[in-house]
Every structure is written in C-alpha cells, then in structure tokens.
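Data block below; observations after.
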C-alpha cells in the first residue's frame, strides 16, 4: 500500500461566511482531519481564506465541508489552488486578516 500524497490547498470561500461561526466550523473539521494550516476572514467582509496541508483525501473532505458550511452560512463559491506543502504549520489555527 502506498503512502498518501501530501499536498497544500488554498481555498477562498465567498458568500455569507463571516460573523456566523464559519472559522470555528473550519477549525474543528480541519483538526479532526489532522490537517495543518489556518483559516482567516478576508478584509472584504464576505470571504474566508483557508490554507491547509495534509493528505490529499483529507483535503478533499475539507473542501466538501467548505462547500456546505455551517447552518447559518451561504456559500456562493469556493476558489481553490493546489500546490506543494511547505511544512510551515505545526497545527491548524485561526489566522489574522492582513489589510
């Protein structure tokens, strides 16, 4: 059996995703999946950035969670970029938006 491929994912989720617990929703699921990286609100007030590293199947599962969001959210779009993992993250946390 081969080892899972480790990759990096950057996703920007657009819609009603700020002020309704979306970051906590992502944080809980990413930690459950054993991913590293962060989630943060973007300054536009209507999108959230997720940067995560881990096994490709786990990141695919996280993407499914992002597409649905928590009960009070409305996800209009999820833009994704795949890349090589940096190994820069020790765990998964909430980041601070850069203005």
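Values quoted throughout were computed directly from the atomic coordinates according to the rules given, and no laboratory measurement underlies them. These numbers come from a predicted model, not from an experiment. Using ideal geometry, Cβ is built from the backbone for each residue, glycine included, and neighbour counts are taken over all protein chains shown.
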Note to self: One residue is enough: does region 41-49 have a residue meeting the conditions more than 13 Å from residue 11 (Cα to Cα) and part of a helix (DSSP H, G or I)?
What the structure shows: no
Item checked: Filtered residues of region 10-31 (kept if free of Cβ contacts under 8 Å to residues at least 60 places away in the same chain and under 18 Å from residue 80 (Cβ atoms)) -> 17, 22, 25, 26, 29
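Going through region 32-65 one residue at a time, which ones are in contact (Cβ under 8 Å) with a residue 12 or more places away in the chain and over 20 Å from residue 4 (Cβ atoms)?
Looking only at region 32-65, we keep the residues that are in contact (Cβ under 8 Å) with a residue 12 or more places away in the chain, and these are 33-43, 45-59, 61-63, 65.
Of everything in region 32-65, those that are in contact (Cβ under 8 Å) with a residue 12 or more places away in the chain and over 20 Å from residue 4 (Cβ atoms) turn out to be 38, 39, 40, 41, 42, 43, 45, 46, 47, 48, 49.
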Item checked: Qualifying positions in region 6-54 - more than 10 Å from the chain's Cα centre (by Cα), within 14 Å of residue 89 (Cα to Cα) and surrounded by fewer than 18 Cβ atoms within 10 Å (Cβ to Cβ) -> 6, 7, 31, 34
